[in-house]
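The values are calculated or read from the model by the stated rules, or taken from the named source; none is laboratory data. Because the structure is predicted, anything quoted here is derived from the model rather than measured. All Cβ positions, even for glycine, are placed from backbone atoms using ideal geometry, and neighbour counts span all protein chains on display. Ligands, DNA and RNA are stripped out before the accessible areas are found, and what is left, the full protein with its side chains, is counted by its heavy atoms. Shrake-Rupley method; radii C 1.70, N 1.55, O 1.52, S 1.80 Å.
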Amino acid sequence: MEVKARAPGKIIIAGEHAVVHGSTAVAACIDLCTSVSLRFPSDSDNNDTLKLHFKDVALEFSWSVGKVKETLSHLGSPFPSTPTSCSVETIKCIAVLVEEQNIPEAKIGLASGVIAFLWLYTSILGFKPATVVVTSDLPIGAGLGSSAAFCVSLTAALLSFLDSVSLDTNHQGWLTFGESDLDLLNKWAFEGEKIIHGKPSGLDNTVSTYGNIIKFRSGKLTRIKSNMPLKMLITNTKVSRNTKALVAGVSERTLRHPDAMSSVFNAVDSISKELATVIESPTPDDLSLTEKEGKLEELIEMNQGLLQCMGVSHASIETVLRTTLKYKLASKLTGAGGGGCVLTVTANTAISNSS
Ligand SMILES: Nc1ncnc2c1ncn2[C@@H]1O[C@H](COP(=O)(O)OP(=O)(O)O)[C@@H](O)[C@H]1O
Ligand SMILES: C[C@@](O)(CCOP(=O)(O)O)CC(=O)O
Ligand SMILES: [Mg+2]
């Protein structure tokens, strides 16, 4: 029996980092996905191994199911029936199982994803042998939500085996989850993001779960319907960075400058709300479209200025900003920053993923 699930990455049009501190953000899914295939061994295989294959980064892991069960079951029931956070104690125990796999130093940043995999797999399906293969079109650690797409696609594959989950009719050859199961999926994926991000807002896994364009604040999503031709260019600086460290850095700066950073987050909240209004308002004629595009570009530039204030820009991002400014194009970092991808918006640039 084999299942394959996929989930998209995303761009954050406005509000990254501030959304962790309660501000509004606007995000949209993109046409780059992560896929997870899950296959159980046939009865004749008679093996008790849980295998995980990160194909894009050429890493393979395998554990005896008995060893995993022994490590986890003494921590109480391994089957939380509802989405449950992995405790610090449990993360330490799972981390031992990951350390034994001897991930090369150059790829050690991927360990958090392996921990998230073991938590989600054992919590949802228990201690069963299986082979799980992960592949992705998304650059990892570049601000396009690869961690969320990984958690959402993995959770979708796992939940598809539960009798309580009903998959809806065909959607271009893929089965889809109903609304209540999407909520369950999103909540479990959020638990995986917590292991990878530390203190995620839930924005990334929510937009990866529900797709399209969303406005998001403190766990609440509003789907945005827009007929505005949002044309964007994504530039990858190819500077790798760690979202968890960047998010922690903003929290530390907030502890040092609480009032100033509160004003920054409030300003971002206003930018995101106004940007959502601009893109979802009707566009009766070309004049108003030009006016809306002007507002959108100005809001993007303002958000970038506030992200610099939060300390999450980077020399490589500034280089892209200077380049696009020469062509009077508005840009901002997207995702956690510190490198990664830059979003450029304009009325006339063709949509493309470029790096
Ligand atoms: N295709 C993948 N294969 C294995 N791990 C992945 C994959 N995509 C994401 N991850 C996990 O997510 C982490 C990157 O998440 P993060 O730092 O939040 O960057 P991003 O901006 O891409 O979301 C990786 O270190 C790894 O643990
Ligand atoms: C920085 C943040 O706002 C977005 C992180 O995006 P990414 O993991 O870099 O793709 C964190 C969050 O919202 O959880
Ligand atoms: Mg991420």
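Of the residues making up region 68-90, at least one is at pLDDT below 95, among the hydroxyl-bearing types (Ser, Thr, Tyr) and buried (at least 16 other Cβ atoms within 10 Å of the Cβ).
From the list ILE103, ILE196, ILE124, ILE115, the one residue that fits, being in contact (Cβ under 8 Å) with a residue 12 or more places away in the chain, more than 30 Å from LEU343 (Cα to Cα) and within 16 Å of ligand 3 (Cβ to nearest atom), is ILE115. Residues in region 26-51 that are surrounded by 15 or more Cβ atoms within 10 Å (Cβ to Cβ) and under 15 Å from SER136 (Cβ atoms): 8 in all. Among residues of region 287-315 that are under 15 Å from ILE12 (Cβ atoms), those with a beta-carbon under 7 Å from a residue that is part of a loop (DSSP other than H, G, I, E, B) and within 16 Å of ligand 3 (Cβ to nearest atom) at least six positions away or on a different chain give the pairs LEU307/HIS17; LEU307/GLY337; MET310/HIS17; VAL312/HIS17; VAL312/ALA336; VAL312/GLY337; VAL312/GLY338; SER313/GLY337.
Quick grid of which residues meet (1) more than 15 Å from ligand 3 (Cβ to nearest atom); (2) modelled with pLDDT of 95 or more; (3) in a helix (DSSP H, G or I):
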| position | (1), (2), (3) |
| --- | --- |
| LEU233 | yes, yes, no |
| VAL239 | yes, yes, no |
| LYS244 | no, yes, yes |
| SER270 | yes, yes, yes |
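Do we have ALA58 as aliphatic (A, V, I, L, M) and free of Cβ contacts under 8 Å to residues at least 12 places away in the same chain here? Criteria met by ALA58.
For SER81, the conditions (1) assigned to a loop (DSSP other than H, G, I, E, B); (2) small (Gly, Ala, Ser); (3) within 16 Å of ligand 2 (Cβ to nearest atom) are fulfilled apart from (3). Residues in region 301-317 include at least one that is open to solvent by 70 Å² or more (accessible area, probe 1.4 Å) and in contact with a strand residue (DSSP E or B) (Cβ under 7 Å, 6 or more places away or on another chain).
For region 126-151, a residue qualifies if it is open to solvent by less than 10 Å² (accessible area, probe 1.4 Å) and assigned to a helix (DSSP H, G or I), and the qualifying residues are ALA148, ALA149, CYS151.
Inside region 130-176, residues that are under 19 Å from THR243 (Cβ atoms) and more than 14 Å from ligand 1 (Cβ to nearest atom) make up a count of 0.
Could you grab me the full set of residues in region 17-49 that are of a type in the set (Val, Ile, Thr) and in a helix (DSSP H, G or I)? Within region 17-49, VAL19, VAL20 meet the criteria. Restricting region 272-287 to residues that are part of a helix (DSSP H, G or I) and open to solvent by 70 Å² or more (accessible area, probe 1.4 Å) leaves a set whose member that is nearest to ligand 2 (Cβ to nearest atom) is LYS273. THR176 - would you say it is assigned to a helix (DSSP H, G or I), modelled with pLDDT under 95 and away from ligand 2 (no atom under 16 Å from the Cβ)? No, not satisfied. Scanning for something within 24 Å of GLY141 (Cβ to Cβ), hydroxyl-bearing (Ser, Thr, Tyr), more than 16 Å from ligand 1 (Cβ to nearest atom) and touching a residue at least 12 places away in the same chain (Cβ under 8 Å), does region 199-206 turn up at least one residue? No; the residues of region 199-206 include none that is within 24 Å of GLY141 (Cβ to Cβ), hydroxyl-bearing (Ser, Thr, Tyr), more than 16 Å from ligand 1 (Cβ to nearest atom) and touching a residue at least 12 places away in the same chain (Cβ under 8 Å). Considering (1) open to solvent by 30 Å² or more (accessible area, probe 1.4 Å); (2) more than 16 Å from ligand 1 (Cβ to nearest atom), the lone condition that SER62 does not fulfil carries the number (2). For region 159-170, the criterion of being farther than 18 Å from PHE61 by Cβ, modelled with pLDDT of 95 or more and buried (at least 20 other Cβ atoms within 10 Å of the Cβ) is met by at least one residue. When the test is whether a residue is more than 11 Å from ligand 1 (Cβ to nearest atom), open to solvent by less than 40 Å² (accessible area, probe 1.4 Å) and in contact (Cβ under 8 Å) with a residue 60 or more places away in the chain, TRP188 passes it.
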